[in-house]
Structure formats: structure tokens, C-alpha cells
Amino acid sequence: MEIKREKLRGVRKLIGTKLHESRTSIPHATIMTTVDMTELDQLKKAYKAKGQSLSTTAFLVKAIGIKLQKYPQLNTRLENGEIVYYDEANAGIAVDTERGLMVVTVKDVANKSIIQITEELRDVASRLKRGKASPDEMTGSTFSVSNEAMSTNDYFDSIINNNECIIIGLARYKKQLVVNDDDTTSIRLIGNIMGNYNHMLADGMPVAAFLGEVVALLAEPEQLL
């Protein structure tokens, strides 16, 4: 049996150290609910047929940014024993790279269009993978998201980033038989959405209400255009 040993260093060591600090110093709590992505999927296909590709992540961060305006206590960070409130929602978006999981920032997402967010995210993520993203494009987030909708994961857990209040995770969505309010059935694209939050900064009820309103926006995505 051959054994290979490699020293933990570089970006991998930095990521591990930061995540370990977050997990051990912050009281993490998690809320999960389902999200109906049927209309969003159809809307994306309609735009793609017209030559415009829209990002699912763009819809997700736009919905979160809008609802953080109603729940400002969640658009916060703990810093030196103080709660820092932000008047702008800046999305820290996890990107898988050869060097490990890294984060890019798209700022003021509540006031940008889905097309703007899509184009900005794809541009900075592409440059990040080539090592060309600037420090400003990798800092300044006020909340984080991890979109694994293209994976085979039905559920995953996230670690809070940079002492923020929340990180939202979106797992894959797939066809499921749904019983409607009138007891009829239909096939819908259903997935899970997870909210990990810092229990120092927020309690479960407002986070649950916030996540429910984000889910409602994603279920009717034309409101986000």
C-alpha cells in the first residue's frame, strides 16, 4: 500500500483555518424548507430561447437582497463585540476553483437587475478561476450563498462566512408529485433551501419568516425581473 503525504498549506490551509474559527466561535443554527423552482426554470428556458442566459444564483441573491431590506437585523456582522448593520446587501457567492472554495462579492444586489447580476457574477467568477479577480471583488459581502442546484445533493450544511449573520444554501431541485390546496396533484420542480445563521445575531422565528418570503419570491420569479 502506497501512502502519500502532503503538507497543508496555501489557500487550502487558509480556508480550513477560517472555517474552523467560524464553526468553533459562532453558535450555528440551521433552518430548512422546500422551494418550488418550476416557474423559475420555465422563465430561464424562455429567456434562453431568446438568446439570454440567466443565472439561478442571480435570482437567489436578488430575492435575498430584497427581503433583507425588510429584515435588516439579518444583514449584519459581529465585529469586535458590536453588531454592524449594513444599508446595502452585498452577496458573497461561493465559487468552486482548483485552489478550493472561494468567495466573490456582487454588491447592492437588491438594486441590480437579474441580467446585471448574472453578467457581473459570471465575469468575476471566470476571472477568479484564472487568478485575476481583485481583492475588492472578493471582500465586502454582508451575506453569503452557496448554490449547489446542479449537484446531486438534496441537502447540505454551510458554515457562516466572515462573522456574517446568514448563509443561504440551495440544493438540487427535481420533479416531485405535489398535492395542491384543492387536493389535485401536479408534478413540480421542488428543492430544499437552507439558512444557516449566527444565533448571537438572530433567532429562529425571524430567520424562518425571512426564508419563507425568499422562497415565495423564487416561486414567482417574474417579480424579480
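Here, each number is a calculation from the coordinates, and none is a lab measurement. All figures in this text were calculated on a predicted structure; none of them were measured in a lab. Using ideal geometry, Cβ is built from the backbone for each residue, glycine included, and neighbour counts are taken over all protein chains shown.
Here are some notes:
- Of the residues examined, Asn80 is not one that is under 16 Å from the mean Cα position of the chain (by Cα) and free of Cβ contacts under 8 Å to residues at least 60 places away in the same chain.
- Residue list for region 47-64, filter: under 18 Å from Met150 (Cβ atoms) and in a loop (DSSP other than H, G, I, E, B): Ser53, Leu54, Ser55
- The lone exception for Phe143 - which of (1) surrounded by fewer than 16 Cβ atoms within 10 Å (Cβ to Cβ); (2) in contact (Cβ under 8 Å) with a residue 60 or more places away in the chain; (3) not aliphatic (A, V, I, L, M) it fails: (1)
- Residue tally, condition crowded, with 20+ Cβ neighbours inside 10 Å and polar (S, T, N, Q), over region 162-197: 1
- Condition met for Tyr173 (among the aromatic types (Phe, Trp, Tyr) and closer than 24 Å to Tyr85 by Cβ): no
- Scope region 178-225; condition among the β-branched types (Val, Ile, Thr) and either within 18 Å of Thr33 (Cα to Cα) or in contact with a Lys or Arg (Cβ under 6 Å, 6 or more places away or on another chain) (or both); matching residues: Val178, Val179, Ile187, Ile190, Ile193, Val207, Val214, Val215
- For region 184-217, the set of residues classified as under 17 Å from Asp154 (Cβ atoms) and part of a strand (DSSP E or B) consists of Arg188, Leu189, Ile190, Gly191, Asn192, Ile193, Met194, Gly195, Asn196, listed by residue number.
- Residue selected from region 16-46 under the condition of a type in the set (A, V, I, L, M, F, W, C), part of a helix (DSSP H, G or I) and within 18 Å of the chain's Cα centre (by Cα), by the criterion farthest from Gly100 (Cα to Cα): Leu40
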